[in-house]
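The values are calculated or read from the model by the stated rules, or taken from the named source; none is laboratory data. Values in this document were obtained by computation on a predicted structure and should not be read as measured data. Backbone-built Cβ (ideal geometry, glycine too); neighbour counts: all protein chains shown. Just so you know, the surface numbers come from the protein's heavy atoms only, side chains and all, with ligands and any DNA or RNA stripped out. Shrake-Rupley method; radii C 1.70, N 1.55, O 1.52, S 1.80 Å.
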Amino acid sequence: MLLSINAVTDKRGRLTHYVAISTDISHQKQTEQELKQLAYYDVLTSLPNRSLFKDRFEHEICLAQRNNTRLALFFLDLDHFKSVNDTLGHWAGDCLLQIIATRIQSCLRKTDTVARMGGDEFTIILPGLIGITDATELARNLIGVMTKPVQIKDYTVFVGVSIGIAIFPDDGNDFYTLTKHADTAMYAAKAKGRGLFQYYEAGMNEAAHQRLLLENALRLAIEQEEFQLYYQPKFDSALNRITGAEALIRWRRPGFGIIPPDRFIAIAEETALIIPLGQWILKTACLQAKVWANQLTGFRLAINLSPLQLLADDFIAVLDCILAETGTNPEWIELEVTEGLVMLDIEKATERLQQIRERGIHIAMDDFGTGYSSLSYLQKLPIQTLKIDKSFVQAYIDDPASNEAAFIKTIISLGQVLNMKVVAEGVETESQLALLQSYGCDEIQGYYLSPPLPADEFQRRWIDHGVVE
Ligand code: C2E
Ligand code: CA
Ligand code: CA
């Protein structure tokens, strides 16, 4: 209530009455409250938002300075949130965030503050730290509660969380520096694998900076087509003929020389640049496959596919378009996929591989033996070729009675039982070759026979001359 009181006097100035006017301002107060809620709290989860968080954080920093304690800033980012949003819809994403917000709160003490910074990002202030054991324990608890399945209506979804932690005053003494560092640490946690936490370390910024530079350069490189495919031949095990080749990408970065794929494919995947890049690879490889298949009957070119590329909504349409545009017979190419693909989304992966197979394109399981996948999916997927990962081949030195040899033998037998062609990659020595031959491995690829070569060199060395000695 807003009350104003006026005094009333008579002619001589003596006080005779008071006049009070009161106004009901409940409505106004309520609006103010609502505005404050809107200004300082997140509508979806009712947690403090970024601006309130910043206020509290700065207040906590003052306290920590006075009391000579530390405080920890946590930066949380959900893993796989986007796929929940994309597959089940935004309503499910919203539900999920509310449930996650409650779970986070259940791990905290009264004095801790959690805020939603936006999207699927949350931050936490943990004040009054002496060492860092409390922070480590909290990080473990958070990861524990967040990896439990979440029930949203009829769906059970699994998300996890990656956490970056920055400590005041060790890693900075203001809001911006500490959030930036916690964010950097969070990215480092994600890069190591999901569902992990990571303290900020000096030097991370430099690495993050380098990455950003690389990402920008990569974007430009795609526009300017600074890429080139190299081709490594594959031979039948008796080394009588070339059966095909594998296309391997290289980045000719002006001023930096030739950059191998291990340095940029992961970044291209994280930034989705692999989609345009992958299309360029596919198209370039198809054109090349056509040239060589016309000169050597039975020649088949293997092309590596990133899981992201294959799972993209329009992959099959893009593939059809490239096949038509380049006049490629599907028999001339083989697509190499990895176990990671199957782990990401087995149903979609199976469907996609079937569509590819229906077109007459061969499919190879690359790096076989390095993933965590079960064997049961292997017989369900439409795969024609198993590529033994080069780590198994290279572990073999010279002793046919060794465990390493037994491993190789087992993988080859597995492929034979499943009626698949078995290819060994990374063959570097004569004794590795002899072992593979003795076990009946179908095809051989490796430096011992030839490194990957640019198209013109490959043409001269392996198409024009054929297999010598
Ligand atoms: P990958 O598919 O397993 O390719 C085989 C790698 O082993 C290639 O490395 C090849 O040069 C190398 N290699 C071949 N023979 C030998 C050998 O005898 N000894 C040793 N130590 N290595 C050998 P590269 O070209 O550096 O490619 C690395 C990885 O990058 C590939 O592994 C593949 O996962 C990825 N990659 C390459 N090109 C592409 C591409 O066009 N698209 C996609 N999505 N990924 C690609
Ligand atoms: Ca490969
Ligand atoms: Ca491989």
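What number comes out for the charge environment of ILE259, summing +1 per Lys or Arg and -1 per Asp or Glu over other residues with Cβ under 11 Å away?
+2
Per-residue counts of other Cβ atoms within 10 Å, averaged by peptide: what ranking do you get for 259-265, 98-104, 398-404, highest first?
Ranked by mean Cβ neighbours within 10 Å, highest first: 98-104, 259-265, 398-404.
Leaving ligands, DNA and RNA out of it, rank THR147, THR133 by accessible area with a 1.4 Å probe, largest first.
Putting THR147, THR133 in descending order of accessible area: THR133, THR147.
How many Å³ per residue does the convex hull of the Cα positions in the range 146-233 occupy?
For the range 146-233, the hull spanned by Cα atoms encloses 213 Å³ per residue.
Relative to the first principal axis of the alpha-carbon coordinates of the chain, what is the inclination of helix 204-223, with its axis defined by its Cα atoms, in degrees from 0 to 90 and to the nearest 10?
Approximately 60 degrees, to the nearest 10.
Just to verify a number: FRET efficiency for LEU2 and GLN37, C-beta to C-beta distance, R0 = 30 Å, to 0.05?
0.85
Which value results when the Cα radius of gyration for the chain is divided by 2.2 N^0.38 Å?
Dividing the Cα Rg of the chain by 2.2 N^0.38 Å gives 1.37.
Per residue, how much accessible area does the chain have with a 1.4 Å probe, in Å²?
51 Å²
Within the set of other residues whose C-beta is less than 11 Å from the C-beta of ARG352, count the net charge using Lys and Arg as +1 and Asp and Glu as -1.
Result for the neighbourhood of ARG352: -3.
Calculate what fraction, in whole %, of the accessible area of the chain sits on carbon and sulfur atoms when a 1.4 Å probe is rolled over the protein chains.
53 percent
Please report the accessible area of LYS290 (heavy atoms, 1.4 Å probe, ligands and nucleic acids excluded) in Å², nearest 10.
Accessible surface of LYS290 is approximately 70 Å².
Given Cα pairs under 8 Å that are at least 6 residues apart, what percent is the relative contact order of the range 238-394?
19 percent
Could you tell me how many degrees, from 0 to 90 and to the nearest 10, lie between the Cα long axis of helix 26-40 and the main elongation axis, the longest principal axis, of the Cα atoms of the chain?
The helix 26-40 is inclined about 30 degrees to the chain.
How many angstrom separate the Cα center of the range 133-153 from the Cα center of the range 181-226?
Measuring centre to centre over Cα atoms gives 25 Å.
Please name whichever of GLN432, MET420, TYR396 sits farthest to the positive end of the charge dipole of the range 391-469, dipole taken about the Cα centre and charges placed at Cβ: Lys and Arg +1, Asp and Glu -1.
The Cα lying farthest towards the positive end belongs to MET420.
At a 10 angstrom cut-off on C-beta neighbours, averaged per residue, how do the peptides 210-222, 162-174 rank from highest to lowest?
Going from most to least packed, we get 162-174, 210-222.
Using only Cα atoms, locate the centre of the range 32-91 and the centre of the range 298-315, then give the distance between them in Å, rounded to an integer.
Taking the Cα centre of the range 298-315 as reference, the centre of the range 32-91 is 41 Å away.
On a full-extension model of 0.36 nm per residue, what is the gain between ARG103 and ASP262, subtracting their alpha-carbon distance, rounded to one decimal in nm?
53.5 nm
When you take every Cα atom in the range 41-202, what is the radius of gyration, and what is Dmax, the widest Cα pair distance, in Å?
Using the Cα atoms of the range 41-202, the pair Rg, Dmax is 15.3, 51 Å.
For the chain, what does the relative contact order come out to in percent, with C-alpha contacts under 8 Å and a separation of six or more?
Relative CO of the chain lands at 10 percent.
So what J values fall out for the range 282-294 if you push phi through Karplus, 6.51 cos²θ - 1.76 cosθ + 1.60 with θ = phi - 60°, rounded to Hz, Gly and Pro as x?
4, 5, 4, 5, 4, 4, 5, 4, 4, 4, 6, 5, 6
Once both axes come from the Cα atoms, what is the angle between helix 133-146 and the longest principal axis of the chain, in degrees from 0 to 90, rounded to 10?
It works out to around 70 degrees.
Order 20-33, 234-247, 3-16 from most to least packed using the mean count of other Cβ atoms within 10 Å.
By packing density, highest mean first, the sequence is 234-247, 20-33, 3-16.
Based on the alpha-carbon gyration tensor of the range 330-469, what equivalent-ellipsoid semi-axes (square roots of 5 times the eigenvalues) come out, in whole Å, largest first?
So the equivalent ellipsoid measures 26, 22, 12 Å along its semi-axes.
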